[in-house]
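The values are calculated or read from the model by the stated rules, or taken from the named source; none is laboratory data. For clarity, every value in this text was computed on a predicted model and none was experimentally measured. A quick note on method: Cβ atoms are made from the backbone with ideal geometry, for glycine too, and the neighbour counts reach across all protein chains shown.
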Amino acid sequence: MKYILALLIFILFIGLNMAQEPKKIPDTIQGMAEVYKFVEKNLGLNKEQWDMYRNSIAYKESQSNQWKTDFKDYAETYGIIGGDKDYYDGRYQMGKAAKQDGFRVFGLGKPSDIKHNEAERQAFRNDPLLQEKLFAGYTVANHGYMSKDDSKYKYTADFYNALPGMRQKLGFLAYAHNQGQGAAKNWTMRGTLSKDAFGTDGKLFYNNWKAHNAQYGAGLWKTKSTSQNDMFMDKNNLWKGYKPIDVDKGETKVILRKTYEGEDKDGVTGRYKVKETHTLRNEDGRDI
């Protein structure tokens, strides 16, 4: 009896020590390579650029305006519930519609597969990799919507040079993440600002991204030589053949030309050039 009692005490002691031992958090999310590959293919961003963008979104959505880049420091944010009526989940505070877009675009299934019920939401909050996939898919979905319907988004300039670039577009995508792509298009095309149910101005997300880019983005956006035919070519090749030929001294307009083969106005077959001028955007989303 004495030995049994001693054994029970030993088991109880071990159990208490195990309960007090902190849960070990891994250094990173296993499987992120697939997410980075998807982002590079669809947005042209490398790992470092994408990490800065997703950290900028999480800065406001789940990290109480704290900049965190180490997974161990922000791992707990994947389990957060928040937003209006606690409708949103995880590090990027995604609701049903955002999850559905992300699920579809990442190639995980049909939008209708996402129910956003209690059990599904709990599973989502317990799965950081799934959150990263759906966040990437949702961002690519918004990029697609705005590239198709918003010509000013398509031709937007980079923050610091006259070349169109994703650095500026990510600011508009940050706005779309918070307000939705419809509201983002109203802002970029008409200058109409919007707020969410908590009264948060969507431009706050844009400004956060711009500030984070200025503070932490040194060296991430080096200008590199790009094929002229590719600079204004989207995935549907709608702009293939356009070549930037001049930028005025104020860096406010870029002039494009396209070489056509066919008949000119006089019916003469040959090659001729057409110039088009597209206005770039400033940081407020308005014409310069």
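When you scan segment 28-85 for helices (runs of 4 or more DSSP H) that lie fully inside it, which ones turn up with 2 or more residues that are buried (at least 19 other Cβ atoms within 10 Å of the Cβ) and touching a residue at least 40 places away in the same chain (Cβ under 8 Å)? It comes to 32-43, 47-61. Here Ile114 does not fit the description of being β-branched (Val, Ile, Thr) and surrounded by fewer than 20 Cβ atoms within 10 Å (Cβ to Cβ). The set of residues in segment 80-96 being closer than 16 Å to Ala174 by Cα and over 15 Å from the mean Cα position of the chain (by Cα) consists of Gly95 alone. Filter segment 151-198 for residues that are of a type in the set (A, V, I, L, M), at pLDDT 85 or above and buried (at least 17 other Cβ atoms within 10 Å of the Cβ) and give the result. If the condition is that a residue be of a type in the set (A, V, I, L, M), at pLDDT 85 or above and buried (at least 17 other Cβ atoms within 10 Å of the Cβ), then Leu170, Leu173, Ala174, Ala176, Ala183, Ala184 are the ones that fit.
Conditions (1) at pLDDT 95 or above; (2) farther than 25 Å from Gly171 by Cα, marked per residue:
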{"position": "Leu12", "(1), (2)": "no, yes"}
{"position": "Gln20", "(1), (2)": "no, yes"}
{"position": "Lys23", "(1), (2)": "no, yes"}
{"position": "Val35", "(1), (2)": "yes, no"}
{"position": "Phe38", "(1), (2)": "yes, no"}
{"position": "Leu45", "(1), (2)": "no, no"}
{"position": "Glu48", "(1), (2)": "no, no"}
{"position": "Asp51", "(1), (2)": "yes, no"}
{"position": "Tyr74", "(1), (2)": "yes, no"}
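On the stretch given as segment 98-124, residues that are more than 25 Å from Glu40 (Cα to Cα) and either modelled with pLDDT under 95 or part of a helix (DSSP H, G or I) (or both) total 8. Taken over segment 117-146, the criterion of being charged (D, E, K, R) and crowded, with 23+ Cβ neighbours inside 10 Å is satisfied by Glu132 alone.
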